[in-house]
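To start, the structure under review is shown below, and the notes come after it.
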Amino acid sequence: MLCICVPTRGLVFTEVEQQIESIRIHLKNNCIVLRTRDLSIPISHNYLAEQALLIPEVTDVLFIEEDVICDDRLSLLKLLNSQHPISFIDYSVNGWSCSARSRKTQEVLWCGLGFTKIKREVFENLDKPWFRTDKTFRLNTKEWIDKPYKYGGQDIWFMMQAREKGFSINQVQGECRHLQIKSLGKSE
């Protein structure tokens with residue numbers, strides 16, 4: 001059974017909710033949806049994953065962030081059917097990919113959690129907290145330092161820990177849209 005986890009700060013785009021509903025229909029309601037409100041990153045991700053794993057039937061956790069959607073139905077179906085430990089569809093933030101690859105091997109080093117499916121056994125083989133933002137990864141020295149990220153970083157921590165335990169990260173071809181609020185109305 002799939003558990004869709006939606007970490008929110010209380011504002012979810014309508015398109016995201018429509019996407020979640022279309023996944024539920026496709027899976028014939030053989031999934032559950034969990035949400036948070038007003039929890040910070042990474043507390044929200046840890047809480048949702050813990051709640052999902054309390055349900056014995058849950059085999060996969062699909063993180064869909066409040067502002068990320070996949071318009072490509074074929075890519076979405078490939079992600080839902082993927083049997084890889086970690087699978088994701090990439091998206092960009094300010095024109096930059098949310099994933100990183102090794103220059104030598106082209107292996108995915110990490111990816112953003114915006115549209116990412118993770119098998120239960122990945123969580124079961126990692127130490128808690130699964131997601132954290134109090135350490136920064138220095139790519140040039142390949143070490144973690146005690147310096148909090150200004151925003152995010154929980155995805156990098158999780159993916160690097162999963163890779164250390166031998167789990168691979170699979171990129172599903174396609175690209176999600178990262179939605180943005182341009183304005184909340186007319187200034188007056």
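Short version: ³J(HN,Hα) in whole Hz for each residue of region 160-174, in order, from phi by Karplus 6.51 cos²θ - 1.76 cosθ + 1.60 (θ = phi - 60°), x for Gly and Pro, what are they?
5, 5, 5, 5, 4, 8, x, 8, 8, 10, 10, 8, 7, 4, x
Please find, in a Gaussian network model of the chain (springs between Cα atoms separated by less than 10 Å), the residue of Ile86, Ile118, Ile43 whose mean-square fluctuation is greatest.
The residue that fluctuates most here is Ile43.
So for region 47-188, considering every pair of alpha-carbon atoms, how many percent are separated by more than 28 Å? Please list the in-between numbers first.
Numbers: 1993 of 10011 pairs.
Percentage above 28 Å: 20.
On full extension of the chain, what length is gained from Glu57 through Thr141, given 0.36 nm per residue of separation minus the C-alpha to C-alpha distance? Each step should come with its number before you reach the end.
On the way: separation 84, 0.36 × 84 = 30.24 nm, distance 4.10 nm.
Working it through step by step, the gained length comes to 26.1 nm.
By its C-alpha gyration tensor, with a ≥ b ≥ c as the square roots of the eigenvalues, how is region 123-163 shaped: rounded for a/c under 1.5, else prolate for a/b larger than b/c, else oblate? Can you show the working numbers first?
On the way: a/c = 2.23, a/b = 1.43, b/c = 1.55.
Verdict is oblate for region 123-163.
What part of the accessible area of region 1-118, given as a whole %, is carbon or sulfur when the probe is 1.4 angstrom?
On the way: 3090 of 5830 Å².
Ligands and nucleic acids excluded, carbon and sulfur reach 53 percent.
When DSSP assigns beta bridges and you keep just the ones with both residues in the chain, what percent turn out antiparallel, to the nearest 5?
Details: 18 of 31 bridges.
Within the chain, antiparallel bridges account for around 60 percent of the total.
Looking at Phe167, Val122, Ser22, which one has the Cα that reaches farthest to the positive end of the dipole of the chain (charges on Cβ: Lys, Arg +1; Asp, Glu -1)?
So the residue furthest toward the plus end is Phe167.
Quick one: among Pro85, Pro42, Pro56, which has the greatest mean-square fluctuation in a GNM of the chain with alpha-carbon springs under 10 angstrom?
Pro56
Given the rule -39500 (n - 2.57) for each run of at least 4 DSSP H residues, summed and divided by the residues of the chain, what is its mean residue ellipticity at 222 nm, to the nearest 500 deg cm²/dmol?
-7500 deg cm²/dmol
For the chain, with every protein chain kept in place, what is the accessible area per residue (1.4 Å probe, Å²)?
Numbers: 10660 Å² over 188 residues.
For the chain, the solvent-accessible area averages 57 Å² per residue.
Have a look at Asp38, Asp146, Asp72 and tell me which one the Gaussian network model of the chain (Cα, springs below 10 Å) gives the largest fluctuation.
Asp146
The values are calculated or read from the model by the stated rules, or taken from the named source; none is laboratory data. Everything numeric here is computed off the predicted structure, so don't read it as measured data. Every residue, glycine as well, gets a Cβ built from its backbone with ideal geometry; the counts of neighbours run over all protein chains shown. Areas reflect the complete protein model, heavy atoms only, side chains present, ligands, DNA and RNA absent. Shrake-Rupley method; radii C 1.70, N 1.55, O 1.52, S 1.80 Å.
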